[in-house]
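Undergrad: Before anything else, here's the structure in question.
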Amino acid sequence: MAEMYGKVEGCSRGRGGSMHLFDAPTRFYGGNAIVGGGLPLAVGLALAAKLAGRQEVTACFFGEGAVAEGEFHESMNLAALWKLPVLFCCENNLYAMGTALARSESETDICLKAAAFEIPAWPVDGMDVLAVQDATKRAAIAVRAGGGPHFLEYRTYRFRAHSMYDPELYREKQEVEEWKKRDPITNLIARLKQQNLWQEDDWTRMEAEVGAEITKSIEFAEAGRWEPVEELTRFVYSEAR
């Protein structure tokens with residue numbers, strides 16, 4: 001939260017904003033404002049892990065809009081060619097920022113695109129929490145075992161606009177309402193209730209805990225420090241240790 005507020009206590013000293021969060025100690029190597037920009041970075045991180053002999057999996061998340069970018073194909077090719085330990089996770093919500101998939105891609109089956117690079121790829125019901133968990137676990141195990149890059153297409157949907165400036169003229173409201181019937185959280189809770197693994201008190205407790213954590217984060221961010229003016233030009237270049 002401090003990062004979002006632009007405070008020094010943020011993971012990137014308040015310089016990242018919502019699209020550039022970065023925290024190396026937790027191996028979170030940042031978002032990217034460039035569509036598809038995280039793909040080649042993930043390939044580089046996976047290459048570094050392989051050369052260093054580390055049994056690590058680099059997971060790269062991106063939307064289906066990134067599949068139309070050149071770096072997608074370049075990254076797929078190099079990852080397959082060098083058998084890198086990277087798991088490509090495509091969140092296909094059908095509209096990217098506001099363009100329907102069929103209007104931007106001649107082949108709308110994204111798994112076929114990945115398979116063209118001889119990368120194991122399969123679609124997943126992105127509205128099913130347990131299906132996502134199972135597929136991701138299996139793929140990660142395969143990558144870590146030396147199986148090379150794998151590709152998952154999470155077929156999902158976003159209920160809200162892409163941003164506060166998005167008038168959502170590219171889809172009907174009724175379509176959104178139909179997809180809401182498959183809300184992954186609601187359906188997971190219903191499944192847990194059927195198995196007697198969920199009680200109403202659990203939801204109340206969870207909401208209270210999350211609310212308290214958010215409040216604490218906001219208070220910490222608001223009490224944070226602004227970057228000194230004399231240091232605003234730091235980090236333009238890397239600093240010697």
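The values are calculated or read from the model by the stated rules, or taken from the named source; none is laboratory data. Bear in mind the structure is a predicted one, so any value in this text is a computation, not a measurement. Here the Cβ is made from the backbone with ideal geometry for all residues, glycine too, and neighbour counts use every protein chain on show. For the accessible areas, the whole protein counts, side chains as well, though only heavy atoms, and no ligand, DNA or RNA atoms are used. Shrake-Rupley method; radii C 1.70, N 1.55, O 1.52, S 1.80 Å.
Undergrad: Using θ = phi - 60° and the Karplus relation 6.51 cos²θ - 1.76 cosθ + 1.60, list the HN-Hα couplings for region 110-117 in order, rounded to whole Hz, with x at every Gly or Pro.
TA: 5, 4, 5, 5, 5, 5, 4, 9
Undergrad: Dipole of region 102-190, Cα-centred, from +1 at each Lys and Arg C-beta and -1 at each Asp and Glu C-beta, to the nearest 20 debye?
TA: Charge dipole of region 102-190: 280 debye, to the nearest 20.
Undergrad: Now for a separate question. Can you work out ³J(HN,Hα) from phi for every residue in region 161-169, in order, using Karplus 6.51 cos²θ - 1.76 cosθ + 1.60 and θ = phi - 60°, giving whole Hz and x for Gly and Pro?
TA: 5, 5, 7, 5, 9, 8, x, 6, 7
Undergrad: Something else now. Rounded, prolate or oblate for the chain? Axes are the square roots of the Cα gyration tensor eigenvalues, ordered a ≥ b ≥ c, and the cut-off for rounded is a/c under 1.5.
TA: rounded
Undergrad: Return the long-range amide H neighbours of residue 227 (sequence gap of 5 or more, or a different chain), with a cut-off of under 5 Å between placed amide H atoms.
TA: Correct list: 8.
Undergrad: What does the helix-only formula give at 222 nm for the chain: each DSSP H stretch with n ≥ 4 adding -39500 (n - 2.57), the total divided by the residues, and the result rounded to the nearest 500 deg cm²/dmol?
TA: Rounded to the nearest 500, it is -11500 deg cm²/dmol.
Undergrad: Hey, how much of the P(r) for region 40-152 falls beyond 24 Å, as a percent of Cα pairs?
TA: Summing the P(r) tail past 24 Å for region 40-152 gives 22 percent.
Undergrad: Percent relative contact order of the chain, based on C-alpha pairs within less than 8 angstrom and at least six residues apart?
TA: For the chain, the relative contact order is 20 percent.
Undergrad: Enumerate the helices in the chain for which the Kyte-Doolittle hydropathy averages -1.0 or more and the C-alpha atoms extend at least 27 Å along the helix's axis, using complete DSSP H runs.
TA: 200-222
Undergrad: What's the carbon and sulfur percent of the chain's accessible surface, probe 1.4 angstrom, rounded to a whole number?
TA: Carbon with sulfur: 57 percent of the solvent-accessible area.
Undergrad: Please work out whether region 121-210 counts as rounded, prolate or oblate from its C-alpha gyration tensor, where a ≥ b ≥ c are the square roots of the eigenvalues and a/c under 1.5 means rounded, while otherwise a/b larger than b/c means prolate and anything else oblate?
TA: oblate
Undergrad: Using the Cα centre of the chain as the reference point, and only Cβ charges (+1 on K/R, -1 on D/E), how large is the resulting charge dipole? Debye, rounded to the nearest 20.
TA: 640 debye
Undergrad: Turning to a different aspect of this structure: Indicate the gyration tensor shape class of region 99-144 (rounded, prolate or oblate), computed on the Cα atoms with a ≥ b ≥ c the square roots of the eigenvalues: a/c under 1.5 is rounded; otherwise a/b larger than b/c is prolate and the rest oblate.
TA: Note, shape of region 99-144 comes out oblate.
Undergrad: Hey, can you find the accessible area per residue of region 1-126 for me, probe 1.4 Å, expressed in square angstrom?
TA: I get 51 Å² per residue for this part.
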